[in-house]
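The values are calculated or read from the model by the stated rules, or taken from the named source; none is laboratory data. Quick caveat, the model's predicted, so the values are computed rather than measured. Cβ coordinates were reconstructed from backbone atoms using ideal geometry, including for glycine residues, and neighbour counts include every protein chain displayed. SASA here: full protein model, heavy atoms, side chains in, ligands and nucleic acids out. Shrake-Rupley method; radii C 1.70, N 1.55, O 1.52, S 1.80 Å.
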Amino acid sequence: MVSEREKLDILGVEVDRVTMDSALDAFRGFLDSDGCSLIVTPNSEIVLNATKDPSLAELISSADLVIPDGIGLVYASRIAGSPLKERVTGIDFSYNALKLLAERGGSAYLFGSKPGIAEKAAEKLKEQIPGLRIAGFRDGYYRPEEEAEIAAGIMASGADFLLAALGSPKQEKFIADHREDLGVRAAIGVGGSLDVWSGTLERAPQFYIDHGLEWLFRLKQEPKRIKRTAKLPLFLIKVLLTGRKNGDH
Ligand code: UDP
């Protein structure tokens with residue numbers, strides 16, 4: 001649990017006002033606690049989806065740490081007159097969490113993405129993070145009836161930390177549905193992070209990150225994301241209108 005969680009409500013979704021350091025402190029706490037702590041990293045698209053999908057909204061509110069990933073949430077916090085301290089991306093947080101895990105001798109399980117990607121990401125991560133132990137990996141394409149067996153495989157691996165890369169909300173739902181039978185201390189949905197760590201997908205150059213334009217770079221790499229990217233202005237308009245309705249503006 002994050003001690004005294006300071007939260008921000010964005011369209012009914014409560015995100016934690018964290019910095020990278022405070023998010024990692026929370027992660028440290030999860031490793032020291034029993035049970036599986038759930039970490040989610042919503043972006044504007046996920047928040048919009050949560051406004052229409054009560055089970056997703058409930059899942060996010062049941063999470064132990066809600067990291068506002070994505071520039072849309074940072075803009076939203078400014079519109080709400082309560083700016084977030086820092087933008088903490090899910091991929092950077094997860095990478096730093098793996099470093100912390102390695103320092104403590106813990107191990108991770110990489111689950112998701114196309115066949116071969118998790119294995120390649122495991123190799124690259126082990127090269128970059130001294131002492132990192134990968135307890136197991138598998139791809140993210142399976143039949144629903146295989147889920148219980150996958151969860152049992154994660155449990156049998158003895159991993160402390162599960163990174164699920166199935167896209168949202170599939171990854172969050174998998175973790176929530178199997179929370180009790182994964183045997184890990186913490187689990188996070190990481191979207192396309194394994195694709196990036198494996199070298200399959202290029203991460204945006206620093207300029208794009210610094211200027212809140214990562215979505216633009218991603219669009220250049222994967223033009224079929226246009227429909228998803230186009231939801232960003234819709235999200236901001238909704239936040240603005242909600243603020244008006246509440247008399248904040
Ligand atoms: N994926 C998967 N199983 C599925 C659907 C998707 O493993 O049934 C993987 C996909 O290969 C990719 C990741 O999930 O690696 C989805 O990343 P996406 O770009 O959608 O992340 P998001 O932007 O949704 O966080």
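In segment 64-105, the residue that is least open to solvent (accessible area, probe 1.4 Å) out of those that are more than 16 Å from the ligand (Cβ to nearest atom) and charged (D, E, K, R) is Asp64. Being closer than 27 Å to Phe30 by Cβ and basic (Lys, Arg) is the requirement here; does Arg143 meet it? Judged against the criteria, Arg143 is not a match. For segment 162-196, the set of residues classified as among the aliphatic types (A, V, I, L, M), in contact with a helix residue (DSSP H, G or I) (Cβ under 8 Å, 6 or more places away or on another chain) and assigned to a helix (DSSP H, G or I) consists of Ala176, Leu194, Val196, listed by residue number. Scanning segment 118-175 for residues that are among the hydroxyl-bearing types (Ser, Thr, Tyr) and away from the ligand (no atom under 14 Å from the Cβ) turns up just one, Ser157.
Might you check whether a residue that is within 21 Å of Arg179 (Cα to Cα), of a type in the set (Ser, Thr, Tyr) and at pLDDT below 95 occurs anywhere in segment 40-58? Among the residues of segment 40-58, at least one is within 21 Å of Arg179 (Cα to Cα), of a type in the set (Ser, Thr, Tyr) and at pLDDT below 95, which makes the answer yes.
When segment 179-216 is limited to residues that are more than 24 Å from Lys231 (Cα to Cα) and in contact with an Asp or Glu (Cβ under 7 Å, 6 or more places away or on another chain), the one that is nearest to the ligand (Cβ to nearest atom) turns out to be Val184. Figure legend. Inter-residue proximity from segment 8-37: first residues over 26 Å from Pro54 (Cα atoms) and open to solvent by 30 Å² or more (accessible area, probe 1.4 Å), second residues among the acidic types (Asp, Glu) and assigned to a loop (DSSP other than H, G, I, E, B), beta-carbon distance below 7 Å, spacing 6+ or different chains. Indicated pairs: Thr19/Glu86; Met20/Glu86. Residues that are touching a Ser or Thr at 6+ places or on another chain (Cβ under 7 Å) and open to solvent by 50 Å² or more (accessible area, probe 1.4 Å) within segment 186-229 comprise just one, Trp215.
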